[in-house]
Amino acid sequence: MTPADLSRTVLLTVQRAVEADELPAAVPSRVTVRVPPRPGCGDFATNVALRVAQETGRPAREVAEVLRKRLAAEPGIARVEIAGPGFLNITLDGISYVRLVRDALGAPPAAEPLPLPDPGHELPVLLARLGSDAARWSLLWPAGAGRAGFLVQRDSNPLFRVRYAYARTQGLLRNARDLGFRSEPADSGHEGAAPLLAALADHPRVTAARDPERLARHLDRTAGAFLTWQTECSVLPRGDEKPSAVHRARLALAEATGNVLADGLHQLGITAPAHL
């Protein structure tokens, strides 16, 4: 279940509760879900109960309880909890994680790179100054201190972040092969991975828009989420530890991330380096 799918599910839940006279209120025109700022608060959160409570005059937590019961019965949702004044924290079913990772692993690569915006016909000059990868990226991203910054290998350079994250996924796969195990999607090993999973789930929708600037921002968000996750969760066994199902599941998530990053870079006409 993608964030867009979940938003639609929440909206339909409100509509059904209103139609059943459980909530005498107007149905919102749209509902948003967000990744919670802190771990342990579910995969996504929504403030829809607070918004509906303003319409009904009923306590927000009472509205949240009506929606909680209905949402918890929806396919793909493992549990729903009420937090604070009436926020709904939603945890997705592990099967949804497995399907998401498998879809990312099995998605065919894009056939052709997207045409890039070049209103000033700068690309030939930039190619000579920066090389192909940095030149193409510079057409999609505000240059800030200068386009030469896209050549610098540091975290402040979004092009470096994206390509480094891809190279990191390939390094994890190589090390896993040396240790004698492969990736295997499972409903475990995804602790703290909600921002990364949300980014992977967004990839088909972003690429369908065929907007290279939006795709570049999406790749940077995906890379940042992956790098944060993989520093907090050990993908590979440590010391004398044997590879477990959790390690195989985390490796599958890393491999899926690599596929998404490589596909996005290919669509931008930028190389995805196995070593960096």
Rounded accessible area per residue of segment 150-204, 1.4 Å, Å²:
46
Could you state the per residue volume, in Å³, of the convex hull enclosing the Cα atoms of segment 120-162?
66
Positive minus negative residues near residue 58 (Lys, Arg vs Asp, Glu; Cβ under 11 Å)
-3
Most packed first (mean Cβ within 10 Å per residue), the peptides 45-51, 106-112, 146-152 order as 45-51, 146-152, 106-112
Given labels modelled 7 Å from the Cα in the Cβ direction, how far is it in nm from residue 54 to residue 91?
3.0
Going by amide H atoms built from the backbone, whose H comes under 5 Å of the H on residue 42, apart from near neighbours?
none
I want to check the label-to-label distance for residue 208 and residue 231. Put each point 7 Å from Cα in the C-beta direction and report it in nm to one decimal.
3.4
Could you put 183, 156 in order of accessible surface area, largest first, with the 1.4 Å probe and the full protein assembly present?
156, 183
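Quickly rank 202-212, 161-171 as a protection proxy: mean count of other C-beta atoms within 10 Å, highest first.
Answer by packing, highest mean first, reads 161-171, 202-212.
Taking the Cα centre of segment 178-224 as origin, sum charge times position over the Cβ atoms of Lys and Arg (+1) and Asp and Glu (-1), and report the length of that vector in debye to the nearest 20. Spell out each step's value before the answer.
Numbers: 6 positive and 8 negative charges, 56 e Å.
Approximately 260 debye in magnitude.
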What does the highest-first list of 185-192, 71-78, 216-223 look like by mean Cβ count within 10 Å?
216-223, 185-192, 71-78
What length, rounded to one decimal in nm, is gained on full extension from residue 156 through to residue 128, with 0.36 nm per residue of separation minus their alpha-carbon distance?
7.8 nm
Grab the DSSP H runs of the chain that are 4 residues or longer, score each as -39,500 (n - 2.57), total them, divide by all residues and round the 222 nm result to the nearest 500 deg cm²/dmol.
-17500 deg cm²/dmol
In whole percent, the fraction of accessible protein surface over the chain that belongs to carbon or sulfur atoms, probe radius 1.4 Å, stands at 50
What whole-number distance in Å separates the alpha-carbon centres of segment 142-172 and segment 188-261?
17
Out of residues 5 or more away from residue 79 or on other chains, whose amide H comes under 5 Å of its own, with H placed 1.01 Å from N in the peptide plane?
91
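Suppose all protein chains stay in the model; what accessible area per residue would a 1.4 Å probe give for segment 25-129, in Å²?
Numbers: 6000 Å² over 105 residues.
With the other protein chains kept in place, segment 25-129 gives 57 Å² per residue.
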Where in segment 74-115 is the amide nitrogen less than 17 Å from a point lying 7 Å along the Cα-to-Cβ axis of residue 276?
none
Give the shape of the chain as rounded, prolate or oblate, defined through the alpha-carbon gyration tensor: a ≥ b ≥ c are the square roots of its eigenvalues, a/c under 1.5 means rounded, and otherwise the shape is prolate if a/b is larger than b/c and oblate if not.
oblate
The answer for residue 188, listing residues at least 5 apart or on another chain whose modeled amide H is closer than 5 Å to its amide H, is none
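The values are calculated or read from the model by the stated rules, or taken from the named source; none is laboratory data. Just so it is clear, the structure is predicted and the values come from calculations on it, not from any experiment. For neighbour counting, all protein chains shown are included, and Cβ atoms are generated from backbone atoms with ideal geometry for every residue, glycine included. Heavy atoms of the whole protein, side chains included, go into the accessibility calculation; ligands, DNA and RNA do not. Shrake-Rupley method; radii C 1.70, N 1.55, O 1.52, S 1.80 Å.
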